[in-house]
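*Asks:* After the structure tokens below, expect a handful of questions from me.
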Amino acid sequence: MSVTVTTAQTEASALAPRERETLHHIAAGRTYLQTARHMGLSQHTVDAYLRRIRAKLNINSTAELTRLAIALGL
């Protein structure tokens, strides 16, 4: 997946605010547990958010998620 800023912005508009926040934490290198603790959630919820993001945007890897986050300036 090649992510341009315009493509990233369009795709990101499909994300809920908590999904964007989760993406930000994961792209920053935090683990699911660290992200969960920071957001006041369970690891299961963080995993669910990331599964939803991947499904909405047809993304298959954490590297692709990270590229998207960088393109969005997260």
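*Asks:* Return the pairs, sorted by first residue and then second, in which the second residue is hydroxyl-bearing (Ser, Thr, Tyr), the first residue lies in segment 36-48 and is assigned to a helix (DSSP H, G or I), the beta carbons are less than 8 Å apart, and the residues are 6+ apart or on different chains.
*Replies:* Between residues of segment 36-48 that are assigned to a helix (DSSP H, G or I) and residues that are hydroxyl-bearing (Ser, Thr, Tyr), the close pairs are Ala36/Ser42; Ala36/Thr45; Met39/Thr22; Gln43/Tyr32; Val46/Thr22; Val46/Tyr32; Val46/Thr35; Asp47/Tyr32.
*Asks:* Quickly run through segment 25-35 and pick out the residues that are surrounded by 14 or more Cβ atoms within 10 Å (Cβ to Cβ) and either of a type in the set (Phe, Trp, Tyr) or in a loop (DSSP other than H, G, I, E, B) (or both).
*Replies:* If the condition is that a residue be surrounded by 14 or more Cβ atoms within 10 Å (Cβ to Cβ) and either of a type in the set (Phe, Trp, Tyr) or in a loop (DSSP other than H, G, I, E, B) (or both), then Arg30, Tyr32 are the ones that fit.
*Asks:* Find all pairs meeting these conditions: Cβ atoms under 7 angstrom apart; at least six residues apart or on different chains; first residue within segment 55-73 and closer than 16 Å to Gly29 by Cβ and at pLDDT 80 or above; second residue surrounded by 10 or more Cβ atoms within 10 Å (Cβ to Cβ) and acidic (Asp, Glu).
*Replies:* Pairs found: Leu68/Glu11.
The values are calculated or read from the model by the stated rules, or taken from the named source; none is laboratory data. Remember, predicted model here, so these are calculated numbers, not experimental data. Note that each Cβ is placed from the backbone with ideal geometry, even for glycine, and that neighbours are counted across all protein chains shown.
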